[in-house]
1. Confirm whether Ala404 is in a helix (DSSP H, G or I) and touching a residue at least 12 places away in the same chain (Cβ under 8 Å).
2. Do we find a residue being farther than 22 Å from Pro308 by Cβ and among the hydroxyl-bearing types (Ser, Thr, Tyr) anywhere in segment 219-242?
3. Answer yes if at least one residue in segment 328-337 is closer than 25 Å to Ser387 by Cβ and surrounded by 21 or more Cβ atoms within 10 Å (Cβ to Cβ), and no otherwise.
4. Can you spot a residue in segment 101-119 that is touching a strand residue (DSSP E or B) at 6+ places or on another chain (Cβ under 9 Å), under 24 Å from Glu286 (Cβ atoms) and of a type in the set (A, V, I, L, M)?
5. Considering only residues of segment 338-391 that are of a type in the set (Phe, Trp, Tyr) and crowded, with 22+ Cβ neighbours inside 10 Å, which is nearest to Val427 (Cα to Cα)?
6. From the list Ser217, Ser266, Ser277, Ser227, exactly one residue is touching a Gly at 6+ places or on another chain (Cβ under 6 Å) and more than 15 Å from Ile334 (Cβ to Cβ). Which is it?
7. In segment 309-338, which residues are of a type in the set (Val, Ile, Thr) and touching a residue at least 24 places away in the same chain (Cβ under 8 Å)?
8. Would you say Ala183 is surrounded by fewer than 22 Cβ atoms within 10 Å (Cβ to Cβ), more than 30 Å from Val427 (Cα to Cα) and within 16 Å of the ligand (Cβ to nearest atom)?
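The values are calculated or read from the model by the stated rules, or taken from the named source; none is laboratory data. Worth saying up front: this structure is predicted, and the values here are computed from it rather than measured. Because the Cβ atoms are built from the backbone with ideal geometry, glycine has one as well, and the counts that use them run over all protein chains shown.
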Amino acid sequence: MMRAIWWGGVVLTGVTIGSAGVSAAQSQTGASTVYVECGALWDGKAEKAVAQVRIAITMPEGKIAAVESHAKNMGGASGTTIDLSHETCLPGLIDTHTHVLLQGDITAADYDAQLLKESPEYRTIVATQNARRALEYGFTTIRDLETEGAGYADADLKKAINNGVIPGPRMQVATRALDVTGAYPLQGYAPNVAVPHGVQLVDGPEQARQAVREQISYGADWIKVYSDRSYFVREDGVLDDVPTFTLDELRAIVDEAHRERHKVASHAMALHGVHNSLEARVDTIEHGNYIADEDLKTMAARGVWYVPTIFVGDYVAKGRAEAGAPVWLKMVGIHEDTFRRAMKAGVKIAFGTDAGGFDWGIDPAKEFGYMVKWGMTPVRAMRAATSSAAELLGMQDQVGTVEAGKLADIVAVTGDPFSDVTVLEKVDFVMKGGVVVRKR
Ligand SMILES: [Zn+2]
């Protein structure tokens, strides 16, 4: 019986991953060891990489058994060996802000077309491709922050990945997200025309609590809220907004989520959205184009995460300005100033891209170059996408570093990411849980 189940698992993984899969050499008991020999290894935390390292992985558990100096232990290993002796190995990358059910939404028309002309079923099929792309780019774990009108499809995608039905990263999902009436697309249609919305609309603390309960019951790991909208730059340069929820509503959402041991991610791009989110005790601030110094202090003191999503802001700015919202161009410069102030204030920063807000044909690893351009060191940017991101997800015991006891999520690149972080846009080896999903 056990044997049959074990084989089932291996067959599933092998088939879905495709011909690139390297199966473990098996001993008679079913357990085996896979060795990955790296020219250099960065473990996800240290200041520097270590040369010539061998990683031993126990299969079928897919966990790292040992990380050892390769020169010392050369020879004598029985099992499958993967030669990455000309590459730098790193922990599998983690993107803490994605939308696998979205295909880019520079303009309202792009967004409306997806919700009006594509069924949730079709969007889910496309999302399976996006999940596979994310994994092939090297993102072995993602936090997907709402389905943009595709209901609970993200919970099903996660289930299909976990069951070995389709390839994809480990996922934490937010399902439908929350906003108030009149604040979220689709908007601008005649009052007598019923249109879908990209979120679950709630008004008042009681409705908000009910929606949180509902979303958690259908598989939400995170509760996502949209805390502000309608951005404009004040004369003093501060990015102002219209806060969506009242503080009472926001507090009810966070209280209900925390009561059920779930965390809250807040889309907050400007002054009031960020401030109210912190007052209500959310766990992560998404985008944060403008954050007041006092709020940065609060974030640093309480350990609230900042997920800046820099690249997408630059990517959508021109198109949105041309569509009549020039504020998006100004927001890029304001964002850079905030990002630099956040680093100085000691705020915890995690890597997140808003992939799906731009087309999945673009590698989300582009974010690394933007973080470094705005003053972050390459090693800190890489930590943001590995050990720090794992901490944000509460998965630091499983992923985010390459060390004994962790899941064998490993990527590799040629070149030195410490001197040129953009080499992370060319990940050519990806292993998830000890199974190779990409090898060039
Ligand atoms: Zn987003």
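1. Judged against the criteria, Ala404 is not a match.
2. No, segment 219-242 contains no residue that is farther than 22 Å from Pro308 by Cβ and among the hydroxyl-bearing types (Ser, Thr, Tyr).
3. yes
4. yes
5. Out of the qualifying residues, it is Phe368.
6. Of Ser217, Ser266, Ser277, Ser227, the one residue that is touching a Gly at 6+ places or on another chain (Cβ under 6 Å) and more than 15 Å from Ile334 (Cβ to Cβ) is Ser227.
7. Listed by number, the residues that qualify are Thr309, Ile310, Val312, Val316, Val327, Ile334, Thr338.
8. yes
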